[in-house]
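Take a look at the structure below.
The values are calculated or read from the model by the stated rules, or taken from the named source; none is laboratory data. Model, not experiment: these values are computed from the prediction. Cβ atoms come from the backbone with ideal geometry, glycine included; neighbour counts cover every protein chain shown.
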Amino acid sequence: MAVLIDSSVFIALERRGAGPDDVLTLVPDEPVALAAVSASELLFGVERADTPQRRARRERFVEAMLALIPVLPFGTAEARVHARVWAGLAASGLVIGAHDLLIAATALVHGYDVLTDNVREFGRVPGLGRASASVAQLIAPDLHPCLVGTAIS
(Lines give C-alpha, C1' and ligand atoms only; values in the text may rest on other atoms or scores of the structure.)
Protein backbone atom coordinates (compact mmCIF):
# COMPACT_ATOMS: atom_id res chain seq x y z
CA MET A 1 0.00 0.00 0.00
CA ALA A 2 1.18 3.53 -0.73
CA VAL A 3 2.39 5.56 2.24
CA LEU A 4 1.92 9.24 3.08
CA ILE A 5 4.86 10.31 5.23
CA ASP A 6 4.02 12.77 8.00
CA SER A 7 6.37 15.68 8.68
CA SER A 8 7.17 14.26 12.16
CA VAL A 9 9.13 11.47 10.46
CA PHE A 10 11.05 13.86 8.18
CA ILE A 11 11.88 16.14 11.11
CA ALA A 12 13.24 13.26 13.19
CA LEU A 13 15.34 11.99 10.29
CA GLU A 14 16.68 15.45 9.38
CA ARG A 15 17.78 15.98 12.98
CA ARG A 16 19.79 12.75 12.74
CA GLY A 17 21.50 13.75 9.51
CA ALA A 18 19.60 11.26 7.35
CA GLY A 19 19.44 11.74 3.61
CA PRO A 20 16.87 11.11 0.90
CA ASP A 21 17.84 7.46 0.49
CA ASP A 22 17.34 6.87 4.22
CA VAL A 23 13.76 8.13 3.98
CA LEU A 24 12.94 5.66 1.21
CA THR A 25 14.24 2.75 3.29
CA LEU A 26 11.48 3.42 5.83
CA VAL A 27 8.93 1.86 3.48
CA PRO A 28 10.84 -0.23 0.96
CA ASP A 29 8.98 -1.30 -2.14
CA GLU A 30 6.04 1.02 -1.43
CA PRO A 31 5.11 4.21 -3.26
CA VAL A 32 5.47 7.22 -0.96
CA ALA A 33 4.07 10.75 -0.98
CA LEU A 34 3.86 13.87 1.13
CA ALA A 35 0.72 15.90 1.87
CA ALA A 36 0.87 19.53 0.73
CA VAL A 37 0.50 20.72 4.32
CA SER A 38 3.46 18.55 5.36
CA ALA A 39 5.55 20.22 2.66
CA SER A 40 4.53 23.56 4.14
CA GLU A 41 5.48 22.42 7.65
CA LEU A 42 8.93 21.37 6.43
CA LEU A 43 9.43 24.65 4.57
CA PHE A 44 8.31 26.53 7.68
CA GLY A 45 11.12 24.78 9.56
CA VAL A 46 13.59 26.12 7.01
CA GLU A 47 12.25 29.65 7.43
CA ARG A 48 12.40 29.43 11.24
CA ALA A 49 15.95 28.06 11.50
CA ASP A 50 17.88 29.92 14.19
CA THR A 51 21.27 29.96 12.46
CA PRO A 52 22.38 30.31 8.85
CA GLN A 53 24.09 26.91 9.07
CA ARG A 54 20.94 25.19 10.35
CA ARG A 55 18.87 26.91 7.68
CA ALA A 56 21.22 25.75 4.93
CA ARG A 57 21.22 22.17 6.25
CA ARG A 58 17.42 22.08 6.57
CA GLU A 59 16.94 23.65 3.17
CA ARG A 60 19.17 21.03 1.50
CA PHE A 61 17.27 18.25 3.25
CA VAL A 62 13.78 19.62 2.52
CA GLU A 63 14.52 20.47 -1.11
CA ALA A 64 15.97 16.97 -1.63
CA MET A 65 12.78 15.47 -0.16
CA LEU A 66 10.53 17.68 -2.30
CA ALA A 67 12.49 16.72 -5.42
CA LEU A 68 12.28 13.01 -4.58
CA ILE A 69 8.83 12.53 -3.08
CA PRO A 70 5.60 13.57 -4.82
CA VAL A 71 3.39 16.06 -2.99
CA LEU A 72 -0.34 15.31 -2.96
CA PRO A 73 -2.52 18.43 -3.28
CA PHE A 74 -5.44 19.34 -1.08
CA GLY A 75 -8.48 19.80 -3.31
CA THR A 76 -12.24 19.51 -3.16
CA ALA A 77 -12.29 15.74 -2.56
CA GLU A 78 -9.90 16.14 0.36
CA ALA A 79 -11.96 19.09 1.67
CA ARG A 80 -15.11 16.97 1.71
CA VAL A 81 -13.46 14.15 3.66
CA HIS A 82 -11.78 16.69 5.94
CA ALA A 83 -15.13 18.30 6.78
CA ARG A 84 -16.79 14.92 7.40
CA VAL A 85 -14.01 13.64 9.65
CA TRP A 86 -13.71 16.99 11.47
CA ALA A 87 -17.45 17.06 12.16
CA GLY A 88 -17.41 13.48 13.38
CA LEU A 89 -14.49 14.09 15.73
CA ALA A 90 -16.07 17.30 17.05
CA ALA A 91 -19.37 15.50 17.70
CA SER A 92 -17.46 12.86 19.67
CA GLY A 93 -15.59 15.46 21.68
CA LEU A 94 -12.28 14.45 20.09
CA VAL A 95 -9.85 16.92 18.64
CA ILE A 96 -6.66 16.58 16.64
CA GLY A 97 -4.34 19.20 15.23
CA ALA A 98 -5.60 21.11 12.22
CA HIS A 99 -2.64 20.05 10.07
CA ASP A 100 -2.96 16.41 11.12
CA LEU A 101 -6.60 16.48 10.10
CA LEU A 102 -5.63 17.80 6.65
CA ILE A 103 -3.00 15.06 6.33
CA ALA A 104 -5.50 12.39 7.40
CA ALA A 105 -8.07 13.60 4.87
CA THR A 106 -5.45 13.52 2.10
CA ALA A 107 -4.46 9.96 3.04
CA LEU A 108 -8.07 8.79 3.20
CA VAL A 109 -8.97 10.22 -0.20
CA HIS A 110 -5.95 8.63 -1.88
CA GLY A 111 -6.14 5.33 0.01
CA TYR A 112 -2.71 5.84 1.58
CA ASP A 113 -1.36 4.65 4.90
CA VAL A 114 0.26 7.35 7.06
CA LEU A 115 3.75 6.93 8.47
CA THR A 116 3.90 9.12 11.58
CA ASP A 117 5.42 9.56 14.99
CA ASN A 118 2.13 11.12 16.11
CA VAL A 119 0.10 7.99 16.79
CA ARG A 120 -2.08 9.68 19.39
CA GLU A 121 -3.53 12.22 16.96
CA PHE A 122 -3.89 10.01 13.90
CA GLY A 123 -5.27 7.14 16.00
CA ARG A 124 -8.39 9.22 16.66
CA VAL A 125 -9.33 9.44 12.99
CA PRO A 126 -12.04 6.93 12.00
CA GLY A 127 -11.01 4.77 9.07
CA LEU A 128 -7.31 4.92 9.86
CA GLY A 129 -6.04 1.61 11.23
CA ARG A 130 -2.64 0.95 12.82
CA ALA A 131 0.27 -1.30 11.96
CA SER A 132 3.89 -1.44 13.09
CA ALA A 133 6.58 0.42 11.18
CA SER A 134 9.60 -1.15 12.84
CA VAL A 135 11.81 -0.44 9.82
CA ALA A 136 11.84 3.20 10.93
CA GLN A 137 13.35 2.11 14.23
CA LEU A 138 16.52 1.06 12.41
CA ILE A 139 17.13 4.60 11.21
CA ALA A 140 15.68 6.57 14.11
CA PRO A 141 15.68 4.29 17.18
CA ASP A 142 14.00 6.76 19.52
CA LEU A 143 11.20 7.43 17.06
CA HIS A 144 8.03 5.44 17.68
CA PRO A 145 6.21 5.72 14.36
CA CYS A 146 3.39 3.63 13.06
CA LEU A 147 1.58 3.21 9.84
CA VAL A 148 -2.03 4.17 10.00
CA GLY A 149 -4.50 4.01 7.20
CA THR A 150 -7.34 2.44 5.37
CA ALA A 151 -9.34 4.37 2.80
CA ILE A 152 -12.90 5.26 3.71
CA SER A 153 -15.63 5.00 1.12
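List of remarks:
- Residue within segment 72-92 that is surrounded by fewer than 18 Cβ atoms within 10 Å (Cβ to Cβ), modelled with pLDDT under 95 and not polar (S, T, N, Q) present: no
- Residue in segment 131-138 that is in contact with a Cys (Cβ under 7 Å, 6 or more places away or on another chain) and either part of a helix (DSSP H, G or I) or at pLDDT 50 or above (or both) present: no
- For segment 36-95, the tally of residues that are more than 25 Å from Leu26 (Cβ to Cβ) and either of a type in the set (Gly, Ala, Ser) or under 16 Å from the mean Cα position of the chain (by Cα) (or both) stands at 11.
- Of the helices (runs of 4 or more DSSP H) lying entirely inside segment 1-92, those containing at least 3 residues that are of a type in the set (D, E, K, R) and more than 28 Å from Gly127 (Cβ to Cβ) span 52-68.
- Count of residues meeting criterion [of a type in the set (S, T, N, Q) and in contact with an Asp or Glu (Cβ under 7 Å, 6 or more places away or on another chain)] in segment 75-98: 0
- Restricting attention to segment 13-39 and to residues that are of a type in the set (Asp, Glu) and free of Cβ contacts under 8 Å to residues at least 12 places away in the same chain, the residue that is farthest from Phe61 (Cα to Cα) turns out to be Asp29.
- The residue that is nearest to the chain's Cα centre (by Cα), counting only those in segment 1-10 that are of a type outside the set (S, T, N, Q) and surrounded by 18 or more Cβ atoms within 10 Å (Cβ to Cβ), is Asp6.
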